[in-house]
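The values are calculated or read from the model by the stated rules, or taken from the named source; none is laboratory data. Note that the structure is a prediction, hence the values are computed from the model and not measured. Using ideal geometry, Cβ is built from the backbone for each residue, glycine included, and neighbour counts are taken over all protein chains shown. When the accessible area is computed, the model is the full protein with side chains, heavy atoms only, and any ligands, DNA or RNA have been set aside. Shrake-Rupley method; radii C 1.70, N 1.55, O 1.52, S 1.80 Å.
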Amino acid sequence: FISILILIPLIFILSCEEIPLVLADPLIPESDKVVLIEELTGASCPNCPKGSTAIENILNKYPDKVAVVAIHGDFLASPIPNRSKYDFRNKKANDLENWFRPWYGKPAATTNRILTDDAQEPYTISSPDLWQAQVENELQKPHLLNLLMDIKYDSLTRKMEVEIAAIPLVELNGNYNISVYITESGITDAQTNGGVIVDNYVHNHVLREMLTKFDGDNIGNNLQKSSILKRNYTYTLPPESQGLWKASNIEVVAMVSRSSSSDRSVLQAVVKHLN
């Protein structure tokens, strides 16, 4: 009788243990769809390493399905006094960052430039915990356009020739732009992380240059199914200097987006290493 009295509370305690809810991964259809993440970040941003970690987790979960551009524009993007070796800011990064305003703060990211339900943050989301769900939502949408990119690079002259072909899979009404970014990864430099400064932080996907206007070049209007729209760009990499512009760390990202005052959404992205 005494043993039963002891066991009853034990059974009650065990029965009240919370069982964690395991959510199944969303069903991502087989397609060639690639999603673009444009991340607003900065060396002087104490919370931005959380965003970078979220980005890498997404890339690991969905390899070959996501292209990333890390935009060091204006807010909290200045080099850290007496610690930073480099300044990642540039004019087009600044223009892009301001083009996505208003937003609450950094880190923030826009996924395929889809409009959110928040009028105070129409394009970006400032919570890295929500970025993966946005990517998954975009990957579940119909694949509307193929985007092919070929890069020829001369290591002696450091000149690259980029040929891009966009092929609509359905009729696409409206105006469309193409944007081409040059990014660099594996850059070791200072980064504010919470209340400390990490001198050997590795910066990835840093926007170094754009081969188009910051908001893109027109690629066509009212695109016809199976038509082939080609664009060619050339660029000569600056000389490798002090750990920057390493050809082995360079990627080219291209995307096609809608171009209207109310819709900037990205249809398809493509990313390739220079080498």
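Remarks
- For Ala133, the conditions (1) out of contact with any Pro (no Cβ under 8 Å at 6 or more places or on another chain); (2) in contact (Cβ under 8 Å) with a residue 12 or more places away in the chain; (3) of a type in the set (Gly, Ala, Ser) all hold with the exception of (2).
- Residues that are touching a strand residue (DSSP E or B) at 6+ places or on another chain (Cβ under 9 Å), assigned to a loop (DSSP other than H, G, I, E, B) and over 30 Å from Ser31 (Cα atoms), drawn from segment 83-103: Arg83, Ser84, Lys85, Tyr86, Asp87, Phe88, Arg89, Asn90, Trp103
- Of the residues making up segment 137-162, those that are surrounded by fewer than 14 Cβ atoms within 10 Å (Cβ to Cβ) and either of a type in the set (Val, Ile, Thr) or within 30 Å of Lys246 (Cα to Cα) (or both) are Asp150, Lys152, Asp154, Ser155, Leu156, Thr157, Lys159, Glu161.
- Residue match in segment 242-259 (condition: at pLDDT below 95, out of contact with any Gly (no Cβ under 7 Å at 6 or more places or on another chain) and not β-branched (Val, Ile, Thr)): yes
- Tallying residues that are without any contact (Cβ under 8 Å) to a residue 60 or more places away in the chain and open to solvent by 20 Å² or more (accessible area, probe 1.4 Å) within segment 104-117 yields 3.
- Residue among Tyr201, Tyr181 that is modelled with pLDDT of 95 or more and more than 24 Å from Val34 (Cα to Cα): Tyr201
- Search result, residues across segment 30-51 that are under 13 Å from the mean Cα position of the chain (by Cα) and either under 30 Å from Ile167 (Cβ atoms) or open to solvent by 30 Å² or more (accessible area, probe 1.4 Å) (or both): Val34, Val35, Leu36, Ile37, Glu38, Glu39
- The set of residues in segment 220-247 that are touching a strand residue (DSSP E or B) at 6+ places or on another chain (Cβ under 8 Å), farther than 18 Å from Val170 by Cβ and surrounded by 12 or more Cβ atoms within 10 Å (Cβ to Cβ) comprises Arg231, Tyr233, Tyr235, Leu237, Gly243, Leu244, Trp245, Lys246, Ala247.
- Criterion (open to solvent by 30 Å² or more (accessible area, probe 1.4 Å), among the polar types (S, T, N, Q), farther than 30 Å from Trp245 by Cα and modelled with pLDDT under 95) met by exactly one of Gln134, Gln120: Gln120
- Set Asp217, Asp189: member being in contact with a Gly (Cβ under 9 Å, 6 or more places away or on another chain), surrounded by 13 or more Cβ atoms within 10 Å (Cβ to Cβ) and charged (D, E, K, R): Asp189
- Pairing each residue of segment 214-238 that is in contact (Cβ under 8 Å) with a residue 60 or more places away in the chain with any residue that is among the basic types (Lys, Arg) and open to solvent by less than 50 Å² (accessible area, probe 1.4 Å), provided the two are 6+ apart or on different chains, yields C-beta distances under 6 Å for Thr236/Arg158; Leu237/Arg158.
- Exclusive hit being part of a strand (DSSP E or B), without any contact (Cβ under 8 Å) to a residue 40 or more places away in the chain and either under 22 Å from Asn275 (Cα atoms) or aliphatic (A, V, I, L, M) (or both), set Val253, Val202, Val180: Val202
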